[in-house]
Amino acid sequence: MAEPSIEDLPGVGPTTAEKLMEAGFTDIMAIAVCSPSVLSSTADIGESAATKIINAAKDMADVGGFITGMDILEKRKEITKLTTMSKALNSLLGGGVETQAISEFFGEFGSGKTQIVHQLAVTAQLPKEEGGLEADVIFIDTENTFRPERIVQMSAAIDLDPEEVLSKIHVARAFNSHHQMLLTEKAFDVAKEYNIRLLIVDSLTAHFRAEFLGRGALAERQQKLNKHMHDLQRFTDLNNAAVCVTNQVMSKPDVFFGDPTKPIGGHIVGHTCTFRVYLRKSKGGKRICRLIDSPNMPEGEAVIMISEDGVRG
Ligand code: ADP
Ligand code: MG
């Protein structure tokens with residue numbers, strides 16, 4: 001399932017690969033559509049070597065084909081909206097968290113990101129008439145914050161059998177960013193065995209942020225995140241699934257994006273997520289959710305409550 005990387009191209013060794021990645025040529029497709037003169041000056045190689053690399057990239061790139069607008073309409077008819085258990089948040093999202101899309105919840109520590117994805121892991125199992133997906137869930141846990149006890153509480157609150165719910169949540173702990181990416185590739189196999197309609201990554205960026213420090217590591221971090229986001233996007237397409245990821249905000253100025261309220265991952269994460277929701281704490285256990293950069297929904301805010309029963313409001 002793994003897509004080839006630019007180092008798999010004949011004629012691209014580690015040094016050339018590094019130069020290309022630094023310059024933003026992070027995947028095969030970027031090279032396939034590049035001109036020999038640009039590639040030659042970027043990577044300090046001759047034009048004929050550049051031409052050979054580009055031709056190999058064209059052969060390896062999955063260019064895809066054309067489908068009609070009708071095909072796209074048919075596929076989009078299968079989109080399902082998964083309830084968050086909050087009317088306000090559901091309507092902010094146009095009905096709930098969508099399948100065939102990646103939704104991102106970002107905010108500071110304690111803003112409720114993990115609570116929301118636990119809630120979604122439970123509601124995914126509700127009947128479709130009640131806003132569920134009637135399906136199993138994959139939960140990639142990078143911060144060791146998955147709590148079955150919380151699933152039990154949230155299930156009982158909506159009259160679902162907690163043990164049945166737990167048995168349909170497939171949890172894997174990711175120990176580092178590489179492991180996180182491998183688990184995402186493995187999720188494709190799990191989805192062949194089980195009817196998976198929701199994949200959660202909590203947190204999407206924590207490992208990447210901890211492992212790739214400083215400006216020198218930024219190109220590599222973004223290249224890896226780019227591949228990870230592509231895999232997640234492919235998962236939504238292939239399984240008509242919702243992917244929900246959590247992300248932190250930068251608490252101190254980042255070397256690259258100085259704004260302290262910006263989510264981690266820059267444009268690569270931003271452009272791949274269809275829905276981005278910024279969470280912040282408010283008075284009395286309330287959380288304010290703000291929808292950002294949606295392609296077809298107005299920006300706006302919703303207030304939710306997090307209680308023992310889960311997300312409400
Ligand atoms: P993060 O954004 O860091 O993932 P969390 O989703 O872990 O944040 O949110 C933690 C907050 O959720 C706690 O501070 C608390 O306000 C709330 N919370 C967690 N568990 C419960 C519970 N059982 N009952 C009520 N509130 C809870
Ligand atoms: Mg968390």
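Can you list the helices (runs of 4 or more DSSP H) lying wholly within region 106-171 that have 1 or more residues being more than 14 Å from ligand 1 (Cβ to nearest atom), in the same structural domain as GLU308 (by TED's automatic domain parsing) and farther than 20 Å from PHE188 by Cα? Reasoning before the result, please.
On the way: elements: 113-123, 148-157, 162-167.
Hits in region 106-171: 113-123, 162-167.
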Quiz item: Here is a list of conditions, (1) away from ligand 2 (no atom under 16 Å from the Cβ); (2) closer than 29 Å to ASP202 by Cα, and ILE54 meets all of them except one; can you say which number that is?
Solution: (2)
Quiz prompt | Number of positions in region 59-72 that are surrounded by 14 or more Cβ atoms within 10 Å (Cβ to Cβ) and of a type outside the set (A, V, I, L, M) | solution = 0
Practice problem: Could you check region 184-296 for helices (runs of 4 or more DSSP H) lying wholly inside it with 2 or more residues that are small (Gly, Ala, Ser)? | Solution: 206-211, 266-272
Quiz prompt | Matching residues in region 239-270 - criterion: being out of contact with any strand residue (DSSP E or B) (no Cβ under 6 Å at 6 or more places or on another chain), at pLDDT below 95, over 25 Å from GLY24 (Cβ atoms) and more than 16 Å from ligand 2 (Cβ to nearest atom) | solution = LYS252, PRO260
Quiz item: Can you pull out the residues in region 284-313 that are surrounded by 15 or more Cβ atoms within 10 Å (Cβ to Cβ) and within 15 Å of GLN119 (Cβ to Cβ)?
Solution: ARG287, CYS289, ALA302, ILE304, MET305, ILE306, GLY310, VAL311, ARG312, GLY313
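Against the condition without any contact (Cβ under 8 Å) to a residue 40 or more places away in the chain, more than 16 Å from ligand 1 (Cβ to nearest atom) and surrounded by 16 or more Cβ atoms within 10 Å (Cβ to Cβ), how does ARG221 come out, does it pass?
Details: without any contact (Cβ under 8 Å) to a residue 40 or more places away in the chain: yes; more than 16 Å from ligand 1 (Cβ to nearest atom): yes; surrounded by 16 or more Cβ atoms within 10 Å (Cβ to Cβ): yes.
When the stated conditions are applied, ARG221 passes them.
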Quiz item: Has region 182-205 got at least one residue that is in contact with a Ser or Thr (Cβ under 6 Å, 6 or more places away or on another chain), in the same structural domain as GLU104 (by TED's automatic domain parsing), at pLDDT 95 or above and more than 26 Å from MET29 (Cβ to Cβ)?
Solution: yes
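With respect to ALA88, determine if the residue is more than 16 Å from ligand 1 (Cβ to nearest atom), farther than 14 Å from ALA242 by Cα and at pLDDT 95 or above.
Details: more than 16 Å from ligand 1 (Cβ to nearest atom): yes; farther than 14 Å from ALA242 by Cα: yes; at pLDDT 95 or above: yes.
Here the answer is yes, as ALA88 does meet what is asked.
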Quiz prompt | Output for region 161-195, where each listed residue is in contact with a strand residue (DSSP E or B) (Cβ under 6 Å, 6 or more places away or on another chain), small (Gly, Ala, Ser) and closer than 17 Å to ALA241 by Cα | solution = ALA187
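The values are calculated or read from the model by the stated rules, or taken from the named source; none is laboratory data. In this text, all values refer to a predicted model and were calculated from it rather than measured experimentally. Glycine gets a Cβ as well: all are built from the backbone with ideal geometry, and neighbour counts include every protein chain shown.
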